[in-house]
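Each value in this text was obtained by applying a stated rule to the coordinates, not by laboratory testing. What you see is a predicted model, and the numbers here were worked out from it, not measured in a lab. In this analysis, Cβ positions are derived from the backbone assuming ideal geometry, glycine residues included, and neighbour counts consider all displayed protein chains.
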Amino acid sequence: MEKKVILKTEGIGKYFYDPIEFKVLDNISFEAYKGEFLTLVGKSGSGKSTLLYILSTMDTDYEGRLIIDDEKITGQSLNNLAAIRNKNIGFVFQFHYLLPEFSCLKNIMIPALKLGKYSHAEVEQHAYEKLKMLGIEDQALKPASKLSGGQQQRVSIARALINSPKIIMCDEPTGNLDSKNSRIVFDIFQQVARDFGQTIIAVTHDNDFAAASDRTIELSDGKILNQ
Amino acid sequence: MAGVNTEIALTHILTRKRQTIVAALGVMIGIAIYICLNTLVIGTNRYSDNAIFKTTPHIRIYKEDEVSRPLTKDSIQKKSTVIVNPKISNISKNLINPVKLLDEIKSQPEVTSAAQMVTANLFYNNGKSQLNGSGWGINIAEANAMFDIQSTMVDGDLRTLLNTPNGIILGVGIADKLSLKRNDNLSVISSIGVIKLMKVVGFFKTSNLVTDKGKSYMNLAAAQQLLGQGPSYVTDIYVKIKDPDQAPKYAAELSKITGYTSEDWQTANELFVAGKKIRAIMFAVISWAILLVAAFGIYNIVNMTITQKMNDIAILKANGFSGMDVIKIFVTEAMIMGIIGTIMGFLLAALIVNLLSHIYIGADIGYFPIEFELSVSLTGVWVGLLVTFGAGFIPARKAAKVDPVAIFRK
Ligand SMILES: Nc1ncnc2c1ncn2[C@@H]1O[C@H](COP(=O)(O)OP(=O)(O)OP(=O)(O)O)[C@@H](O)[C@H]1O
Ligand SMILES: [Mg+2]
């Protein structure tokens, strides 16, 4: 089967200047395919999160080129990037998850309400479906701040899925989860990749999680080790 | 969809009700004071304008004194020195053909009424006591229409003058000093020495003591006789126009039309006008200062919310909210507080104005001269909304610039 490239980087490099200048990412070039479950591994401090921020379009301060869905991302205006993120990219953060004053349900609904493709009622129904998928529908109306870390992480995964984005990027999505819930998350990622053709790019420290994914890219000191 | 930004703003507002209420109360007080002070200025100005317009016309048309000129022309005797002694010329102050002039002035679209006058400097004599002042020869109907003289009468009736050719109405100050009663006779001497025996038919009292001590009203013909002049002698034409504020403009126009000097009331009452200006500036400064304090309250709370919500802003941006969306969210929060505060301020102002207008001051002021001014109140509402918009927009712009990556890395 012909594999469609959904995300492509060409020689991406990035420097940090504080406290001293050093190159945190060096000549990163790889492709991710439609429907692929890709994991990013590497030692702590190897630049995984930094790369993910660039891929997510939030960090625009880098060299090289980023192409998502055949569209050149590098150099686009901040407003365009925001719209692209809203529509095409779901993001699960390493530490920061939810808006504390809103219910879990609202947290999940917000990107969809922003997109404005479906009515409020439809969005709410979709959000319930995602919550059920992740086994936390009983928490729907609780304020996000009253949830455990693992529950919050699952809500943020549900939020990443709500707009059916082409790519879902995760920074240690199972970092706070026990093995049972890690399994659930893994299965969901595998399912959306296989059934809906969505691409997963997940940073992980969990070797089993990485081993079970379609492909693993390893970073070391800002360079790709093997592919 | 506009909905989601508003929804987020509302949630922020509802989770911090206390601060919202405090900020709204600040706006309420600011707006209430703004509206009250400006209403007060309008009310007192209207009262004092009315007091002035009881004796001063909007525009006065008269013949200016001319200073005599040397009979010889410089151009003929270039080399010799001419000694001249400029004096006010003795030409009569008569306005020529006053009836026609009056009709012409009355036909101007801006003019609401016009009245002819003869003013004469007089001495009032009763026995040995003598008092000087000025007599106003008036056409009763015209003058009353303009100055509502009847309303200032404390004794007698203005209309008695109509069938009393030698009747005179005196200021109460004159009556006191010369101990005169109604129907007493009074001998009056004019500046050119004409003596006339007049009959006191009434007294008036204005809010101006000096006026009450010197002024009197009489028939036009009586004043003309005192000046030794015939029935076509008129010294002034007084004009009222639709909008008194436009007086300087129409004075110039009337001057052009009639060929005589015309003086607007602002020029005739410079001190009064200056006082009014100072008052207006003072109250404007005070009301704006209070508004700014209220605005600062809103600025403060929005700023604080933004500082506390850096994380949320980063999350929203990561999920595809643009800088403009973030601005909308925080401006909406400011506007909600502003709208609540402004509406309450409007109502509070209406209440205060209503209470003030029921306070009885007494004398010829009567009730406190204030009434609800819709235009000022609407301006207050606009200003309130504008100021809160600014107070929300300034910190919101900062929020729009938040770099989500920098927040997530912390
Ligand atoms: N804002 C910054 N300024 C300077 N250096 C930074 C900054 N952020 C990260 N770094 C450095 O860049 C390197 C890569 O950081 P990054 O967060 O990408 O690592 P990581 O691979 O995600 O590690 P971990 O697995 O612990 O999350 C680290 O050496 C880190 O110290
Ligand atoms: Mg990391």
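Worth a mention:
- Summed over all non-identical Cα pairs, the Kirkwood treatment of the stretch B:287-410 gives a radius of 16.7 Å.
- The packing ranking, built from the mean of other Cβ atoms within 10 Å per residue, places the peptides A:63-70, B:23-30, B:341-348 in the order B:23-30, B:341-348, A:63-70, highest first.
- Figure legend: label point modelled 7 angstrom from the Cα of A:Ile20 along Cα→Cβ; residues of the stretch A:196-227 with amide N under 18 Å from it are A:221-222.
- Lysines whose Cα lies under 17 Å from that of B:Lys63, excluding same-chain neighbours fewer than 8 positions away: B:Lys87, B:Lys93, B:Lys100, B:Lys256
- Positive-pole candidate from A:Ala112, A:Val155, A:Thr199, dipole of the stretch A:99-227, charges at beta carbon: A:Ala112
- In units of the compact-protein estimate 2.2 N^0.38 Å, chain B shows a Cα radius of gyration of 1.51.
- Chain A: angle of helix A:179-196 to the longest principal axis, Cα-based, in degrees nearest 10: 80 degrees
- Estimated 222 nm signal from helices in the protein assembly as shown, with DSSP H stretches of n ≥ 4 weighted -39500 (n - 2.57), rounded to 500: -15000 deg cm²/dmol
- Highest-fluctuation residue, B:Thr206, B:Thr379, B:Thr11 considered, GNM on chain B with Cα pairs under 10 Å: B:Thr11
- Angle between chain B longest axis and helix B:247-258 axis [Cα atoms, degrees, rounded to 10]: 40 degrees
- Under the Debye formula (equal points on every Cα, no solvent term), log10 I(q)/I(0) of the stretch A:113-227 at q = 0.14 Å⁻¹: -0.63
- For the stretch B:344-410, the Stokes-Einstein estimate of translational diffusion at 37 °C and a viscosity of 0.692 mPa s comes to 209 µm²/s, using the Kirkwood hydrodynamic radius over alpha-carbon pairs.
- Near A:Ala202: Cβ cut-off under 12 Å, other residues only, Lys/Arg at +1 and Asp/Glu at -1. The net charge is -3.
- Enclosed volume per residue, in Å³, of the convex hull spanned by Cα atoms of the stretch B:112-200: 95 Å³
- Spatially proximal aspartates and glutamates relative to B:Lys17 (Cα-Cα < 12 Å; intrachain offsets below 8 disregarded): B:Glu333
- Across the options B:Leu351, B:Val172, B:Phe321, the greatest Cα extent toward the positive end of the charge dipole of chain B (unit charges at beta carbon of Lys, Arg, Asp, Glu) belongs to B:Phe321.
- Inter-label distance, nm, simple model (7 Å from Cα along the C-beta direction), A:Phe95/B:Asn354: 5.7 nm
- Placing a label point 7 Å from the Cα of A:Asp214 along the Cα-to-Cβ line, the residues of the stretch A:15-39 whose backbone N sits under 13 Å from it are A:31-39.
- Full extension of the segment from B:Asp184 to B:Thr267, taken as 0.36 nm per residue of separation minus the current Cα-Cα distance, would add 26.0 nm.
- Two-site label geometry, A:Gln190 and B:Lys401: point separation in nm, points 7 Å out along Cα→Cβ: 4.9 nm
- Toward the positive end of the charge dipole of the stretch B:352-410, with +1 on the Cβ of Lys and Arg and -1 on the Cβ of Asp and Glu, the farthest Cα among B:Gly362, B:Val402, B:Thr379 is that of B:Val402.
- If R0 equals 51 Å, the separation of the Cβ atoms of B:Ile343 and B:Asn208 corresponds to a calculated FRET efficiency of about 0.75.
- Alpha-carbon centroid distance for the pair the stretch B:11-58 / the stretch B:148-182, whole angstrom: 43 Å
- Max-minus-min Cα coordinates of the protein assembly as shown on each principal axis give 128, 70, 43 Å, with the largest extent listed first.
- Percentage of interatomic Cα-Cα distances in the stretch B:230-355 larger than 23 Å: 64 percent
- Paired Rg and Dmax values of chain A, which use every Cα atom, in angstrom: 17.2, 52
- Cα long-axis angle, helix A:104-115 against chain A (0 to 90 degrees, to the nearest 10): 60 degrees
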